[in-house]
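Student: Submitted below is the structure of interest, expressed as structure tokens.
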């Protein structure tokens, strides 16, 4: 076998969630990514997220495309069905899966190559449809498996390992997603779990398309001086636009913020997103302020992070399509087949 | 020509597209059908919205032959751009009707046919006020002319108007006026009826007139398909249009009025098939209709579906290739493409309906096969089947039918198992057990197009990899026992056989009758599926010479037979008719006979 199962060790005093499940229960097989890869930290954050949210693993599906990032769904939630599709085409698979059963939670993991180059079309249309899923871009600005080519998210002037500078304009997934009508757009950093986990929780519970662009340095090909997606550079240039907390349904808000600086957004599932602005000119509830904020930060060489845009009132894909509320794949055949009488009647139209 | 021909002639309408002619031409054909006379219509239309030449050919055949005859007895020449070729197309002794509102007699000179001028535009301009009505009613008027010339039952036409326009009285009145105008003009000015006559008989009871995209859509509806994804492409678009319209009527949840289906117009064909696979994986019966260019685009995902073993149904309504080709002309050019679509070693189950009737039954069967075999299944129809109205037997439905979902484990079954592994060949038939997401945590597995072993784990191990792809060959052998058997007409007295496919069927049926009259009898097998079943091998073995007739340049079916059966390639005589027009029986006869003559001479 070329994959390694993690040995399962459960201790009596391991914390358990409301389902009685341990953290280990939400793990997957052993990661085969490079030691120190940002993606593994994101995997850890996802495990923490689904553990904390008490997700029944079989009620969740996890999908990906091709690339280092797309390997990661194997590394978490081994009791969830996984789907490693073809390069850049995970959104279409997620769309079909969602049509078949909209009751399942859906996590998609992609990379900057998988989303912003080969998958740009499908990504854009999943956004347009407001497909109900959490879409994570593990963004490192570089193609890892093919050994170090620039991706479409590489900044102008950022250098490759051998020194060549990227000269093409980067595509910023957050600005693109907001422009295309995404209803939940956030950016974070694989090295900042305190910021990332609440965003993952809110994104997973958001109804509609939630995209989180996570800067996730590639330790092998893009963590050197001169790269704008290295650990060091990201730590230096990121600026949190909005602090975000996710408050589960029926739980108390424990933090107190100064009046005027905080906002609450009710999520469809009953929880809340608690937001604290760091800057009066920026609100994640206003699409143009959000796009401007991202642009201004970028002009200053900063990476704006946090929940950058949220709109909980847009209908999602199945609502727009007027599909039944339950799972389409469990409608009984008797309700699907019109039967011989109906057929005979219909044939009169063709006589 | 003085011999009277009842119910055996071809009328061709030459029109300009975008002028509303197709409703009038359809009305003509349907009236013949309702008079109990077998009839078929072929539409030769341009890939264009307005202004280009378009033809509609109606063959009336008391024997019930449904292939185009390849000759024109009466031409309704309504398009000045194509007068020359339309005039030339009429058989000696035939008739040409044209709009004589403008003096163009000098263009219509042919001694061996009769040219009939009718001032259609002048008459309609006098009677109707709006420009649109004047254009449309010219069409209805020539139907009136034909009604008089062919001695049609005008009550049938009038009833059809009532049925078509329902409560739109002004439309019924206008059409009735136009019909009468044409009818009376013909009666007053020509010797009616012509030697060609439509005489009511009783040969269409128990039949309908419908196109194969509509019947394929009905197949999806009755098979219980819930997710259809697609990208618009001629000539498959009307399949999803039909599915959508049937669903809006038959698939509303009784309590909420919401949809018991999901139709997704994708951003391209790559996404369309990705959605179909995603839905199939997640337990819905899913499908995507497309045409050749769409299959090219879908190929990567099709190989993925094959290797990861996900059921879905792909309709390829074939059109003329290569590349964009002629989008509104028919061909069987995707036989090879669909059989082996995608990189690496892939082979796919393909079904080949011959007409709209089979398009219904085989599309139902495709969904069962896809789930029983856990693989994408193709239904290869074509433009002729999909977009032309055919006379077919009433479709029948057995209410006892239950869809066969194949080997799907329930939550209870999973609970009783110690371990579940996705790609284990438990039963030895090459078909493993699958689970639907959301059922039970014990059923989880990882679907991946990268190397995987029988347990569903990622692998780069040589023997683990080979184990899975070899097991897929076992499944392929199982497929041979499950796919529909060919249609065979066999007598051991004949040593020549014909093998054909899909919409060639009616031309071959008629060609065999023609040759039989001449003393040349041949056996006939029509493949309905790939992989080929043992009946195909048996037929190949039983004949010294086998003509393989198909509608593509390169003899794709012939090559598939040579590479996928044990046949001696020398026995195969490949006959290819591929100009984009449905094939004519006389061309089949001519090709076979010239080949036989050449063989004798050698």
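The values are calculated or read from the model by the stated rules, or taken from the named source; none is laboratory data. Quick caveat: nothing in here was measured; it's all calculated off a predicted structure. Methodologically, a virtual Cβ is constructed for each residue, glycine included, from the backbone with ideal geometry; neighbour enumeration extends over all protein chains shown.
Student: Right, residue B:160: in contact with a strand residue (DSSP E or B) (Cβ under 8 Å, 6 or more places away or on another chain) and over 25 Å from residue B:52 (Cβ atoms) or not? Give the derivation first.
Tutor: Details: in contact with a strand residue (DSSP E or B) (Cβ under 8 Å, 6 or more places away or on another chain): no; over 25 Å from residue B:52 (Cβ atoms): yes.
No, not satisfied.
Student: Now for a separate question. For the range A:36-43, state whether one or more residues are part of a loop (DSSP other than H, G, I, E, B) and away from chain B (no Cβ under 14 Å).
Tutor: Scanning the range A:36-43, I find at least one residue that is part of a loop (DSSP other than H, G, I, E, B) and away from chain B (no Cβ under 14 Å), so the answer is yes.
Student: Somewhere in the range B:251-262, is a residue on the phi < 0 side of the Ramachandran plot and under 24 Å from the mean Cα position of the chain (by Cα)?
Tutor: At the first step, the residues of the range B:251-262 found to be on the phi < 0 side of the Ramachandran plot are B:251-256, B:258-262.
Subset that is under 24 Å from the mean Cα position of the chain (by Cα): none.
Among the residues of the range B:251-262, not one is on the phi < 0 side of the Ramachandran plot and under 24 Å from the mean Cα position of the chain (by Cα), which makes the answer no.
Student: Separate question: Could you look through the range B:405-422, keep only residues that are part of a helix (DSSP H, G or I) and touching a residue at least 12 places away in the same chain (Cβ under 8 Å), and pick out the one that is surrounded by the fewest Cβ atoms within 10 Å (Cβ to Cβ)?
Tutor: Pass one, the range B:405-422, residues part of a helix (DSSP H, G or I): B:411-416.
Next, only the ones that are touching a residue at least 12 places away in the same chain (Cβ under 8 Å) stay: B:411, B:414-415.
On the way: B:411: 15, B:414: 18, B:415: 11.
Within the range B:405-422, the match that is surrounded by the fewest Cβ atoms within 10 Å (Cβ to Cβ) is B:415.
Student: Run down A:177, A:182, A:202, A:186 and say which single residue is surrounded by 24 or more Cβ atoms within 10 Å (Cβ to Cβ) and farther than 13 Å from residue A:290 by Cβ. Lay out the reasoning, then the answer.
Tutor: Values: A:177 fails: farther than 13 Å from residue A:290 by Cβ; A:182 fails: farther than 13 Å from residue A:290 by Cβ; A:186 fails: farther than 13 Å from residue A:290 by Cβ.
Among A:177, A:182, A:202, A:186, only A:202 is surrounded by 24 or more Cβ atoms within 10 Å (Cβ to Cβ) and farther than 13 Å from residue A:290 by Cβ.
Student: With A:235, A:239, A:207 as the choices, which residue is surrounded by fewer than 24 Cβ atoms within 10 Å (Cβ to Cβ) and within 18 Å of the chain's Cα centre (by Cα)?
Tutor: None of the others qualify; the one that does is A:207.
Student: Taking the range A:289-318 as the region of interest, how many residues are more than 10 Å from every other protein chain (Cβ to nearest Cβ) and not in a strand (DSSP E or B)? It would help to see each step written out before you state the result.
Tutor: To start, the set of residues in the range A:289-318 that are more than 10 Å from every other protein chain (Cβ to nearest Cβ) comprises A:289-316.
Right, trim to not in a strand (DSSP E or B) and you get A:289-302, A:311-316.
The number of residues fulfilling the criteria is 20.
Student: Out of B:389, B:382, I need the residue that is surrounded by fewer than 24 Cβ atoms within 10 Å (Cβ to Cβ), under 30 Å from residue B:38 (Cβ atoms), within 15 Å of the chain's Cα centre (by Cα) and in contact (Cβ under 8 Å) with a residue 24 or more places away in the chain. Which one?
Tutor: Values: B:382 fails: surrounded by fewer than 24 Cβ atoms within 10 Å (Cβ to Cβ).
Among B:389, B:382, only B:389 is surrounded by fewer than 24 Cβ atoms within 10 Å (Cβ to Cβ), under 30 Å from residue B:38 (Cβ atoms), within 15 Å of the chain's Cα centre (by Cα) and in contact (Cβ under 8 Å) with a residue 24 or more places away in the chain.
Student: Within the range B:393-416, how many residues are closer than 24 Å to residue A:100 by Cβ and either more than 40 Å from the chain's Cα centre (by Cα) or at the interface with chain A (Cβ under 7 Å from one of its Cβ atoms) (or both)? Don't jump to the end; show me each part of the working.
Tutor: In the first step, residues of the range B:393-416 are kept if they are closer than 24 Å to residue A:100 by Cβ; the result is B:401-415.
Filter once more, keeping what is either more than 40 Å from the chain's Cα centre (by Cα) or at the interface with chain A (Cβ under 7 Å from one of its Cβ atoms) (or both): B:402-403, B:411-415.
Result for the range B:393-416: 7.
Student: What residue, of A:55, A:61, A:42, is surrounded by 24 or more Cβ atoms within 10 Å (Cβ to Cβ), over 15 Å from residue A:195 (Cα atoms) and modelled with pLDDT of 95 or more?
Tutor: Residue meeting the stated conditions: A:61.
Student: Further question on the same structure: For a quick check of your reading of the model, give me the residue pairs whose first member lies in the range A:93-113 and is more than 10 Å from chain B (Cβ to nearest Cβ), whose second is surrounded by 24 or more Cβ atoms within 10 Å (Cβ to Cβ) and part of a loop (DSSP other than H, G, I, E, B), with beta-carbon atoms closer than 6 Å and at least 6 apart or on different chains.
Tutor: Within 6 Å, the pairs are A:110/A:65; A:111/A:67; A:112/A:151; A:112/A:153; A:113/A:67; A:113/A:151.
Student: If I go through the range B:252-262 residue by residue, how many of them are more than 7 Å from chain A (Cβ to nearest Cβ) and either under 19 Å from residue B:312 (Cα atoms) or touching a residue at least 12 places away in the same chain (Cβ under 8 Å) (or both)?
Tutor: So the answer is 1.
Student: What do you reckon, is residue B:57 within 24 Å of residue B:6 (Cα to Cα), in a strand (DSSP E or B) and within 22 Å of the chain's Cα centre (by Cα)? It would help to see each step written out before you state the result.
Tutor: Working: within 24 Å of residue B:6 (Cα to Cα): yes; in a strand (DSSP E or B): yes; within 22 Å of the chain's Cα centre (by Cα): yes.
So residue B:57 fits the description; yes.
Student: So, in the range B:207-229, exactly how many residues are more than 10 Å from every other protein chain (Cβ to nearest Cβ) and over 17 Å from residue B:284 (Cα atoms)?
Tutor: Initially, the range B:207-229 is screened for residues more than 10 Å from every other protein chain (Cβ to nearest Cβ), giving B:212-213, B:216-217, B:219-220.
Adding the requirement that they be over 17 Å from residue B:284 (Cα atoms) leaves B:212-213, B:216.
So the count comes out to 3.
Student: Tell me which residues, restricted to the range B:524-553, are more than 21 Å from the chain's Cα centre (by Cα) and closer than 17 Å to residue B:591 by Cβ.
Tutor: Across the range B:524-553, the qualifying residues are B:545, B:546, B:547.
Student: Looking at the range B:423-437, which of its residues are within 14 Å of chain A (Cβ to nearest Cβ), in contact (Cβ under 8 Å) with a residue 60 or more places away in the chain and part of a loop (DSSP other than H, G, I, E, B)?
Tutor: Within the range B:423-437, B:423, B:436, B:437 meet the criteria.
Student: Inside the range B:398-439, can you point out the residues that are farther than 21 Å from residue B:451 by Cα and in contact with a strand residue (DSSP E or B) (Cβ under 7 Å, 6 or more places away or on another chain)?
Tutor: B:407, B:408, B:436, B:437
Student: Let me ask something else. Could we say that residue B:470 is touching a helix residue (DSSP H, G or I) at 6+ places or on another chain (Cβ under 7 Å) and more than 11 Å from chain A (Cβ to nearest Cβ) here?
Tutor: Values: touching a helix residue (DSSP H, G or I) at 6+ places or on another chain (Cβ under 7 Å): no; more than 11 Å from chain A (Cβ to nearest Cβ): yes.
For residue B:470, the condition - touching a helix residue (DSSP H, G or I) at 6+ places or on another chain (Cβ under 7 Å) and more than 11 Å from chain A (Cβ to nearest Cβ) - is not met.
Student: Having 2 or more residues that are modelled with pLDDT under 95, under 29 Å from residue B:436 (Cβ atoms) and within 14 Å of chain A (Cβ to nearest Cβ) is the bar; report the strands (runs of 3 or more DSSP E) wholly within the range B:266-373 that clear it.
Tutor: Details: elements: B:286-290, B:312-318, B:349-351.
Those strands (runs of 3 or more DSSP E) do not exist here; none qualify.
Student: Moving on to the next point. If a residue has to be within 16 Å of residue B:383 (Cβ to Cβ) and touching a helix residue (DSSP H, G or I) at 6+ places or on another chain (Cβ under 7 Å) to count, how many in the range B:17-41 make the cut?
Tutor: Matching residues across the range B:17-41 total 1.
Student: In the range B:230-243, how many are within 14 Å of chain A (Cβ to nearest Cβ) and either part of a loop (DSSP other than H, G, I, E, B) or closer than 29 Å to residue B:63 by Cα (or both)?
Tutor: Residues that pass the stated criteria total 1.
Student: Report, by residue number, each residue of the range B:263-293 that is under 23 Å from the mean Cα position of the chain (by Cα), touching a residue at least 40 places away in the same chain (Cβ under 8 Å) and buried (at least 24 other Cβ atoms within 10 Å of the Cβ).
Tutor: Selection gives B:272, B:273, B:276, B:285, B:286, B:287, B:288, B:289, B:290, B:291, B:292.
Student: Here is a further query. Inspect all residues belonging to the range A:5-28 and state whether any of them is free of Cβ contacts under 8 Å to residues at least 60 places away in the same chain, under 15 Å from the mean Cα position of the chain (by Cα) and assigned to a helix (DSSP H, G or I).
Tutor: Taking the range A:5-28 and keeping what is free of Cβ contacts under 8 Å to residues at least 60 places away in the same chain, we get A:5-28.
Still in the running and under 15 Å from the mean Cα position of the chain (by Cα): none.
Looking for residues that are free of Cβ contacts under 8 Å to residues at least 60 places away in the same chain, under 15 Å from the mean Cα position of the chain (by Cα) and assigned to a helix (DSSP H, G or I), one finds none in the range A:5-28, hence no.
Student: Let me ask something additional. What about residue A:328, is it closer than 30 Å to residue B:392 by Cα, within 14 Å of another protein chain (Cβ to nearest Cβ) and surrounded by 14 or more Cβ atoms within 10 Å (Cβ to Cβ)? Working first, answer last.
Tutor: On the way: closer than 30 Å to residue B:392 by Cα: no; within 14 Å of another protein chain (Cβ to nearest Cβ): yes; surrounded by 14 or more Cβ atoms within 10 Å (Cβ to Cβ): yes.
Judged against the criteria, residue A:328 is not a match.
Student: Residue A:80 fails exactly one of the following numbered conditions: (1) more than 7 Å from chain B (Cβ to nearest Cβ); (2) over 20 Å from residue B:263 (Cβ atoms); (3) in contact with a helix residue (DSSP H, G or I) (Cβ under 9 Å, 6 or more places away or on another chain). What is the number of that condition?
Tutor: (1)
Student: Pick from B:438, B:451, B:443, B:457: which is outside the structural domain of residue B:226 (by TED's automatic domain parsing) and either loosely packed, with under 15 Cβ neighbours inside 10 Å or at positive phi (or both)? Walk me through it before giving the result.
Tutor: Values: B:451 fails: either loosely packed, with under 15 Cβ neighbours inside 10 Å or at positive phi (or both); B:443 fails: either loosely packed, with under 15 Cβ neighbours inside 10 Å or at positive phi (or both); B:457 fails: either loosely packed, with under 15 Cβ neighbours inside 10 Å or at positive phi (or both).
Checking each option against the conditions leaves just B:438.
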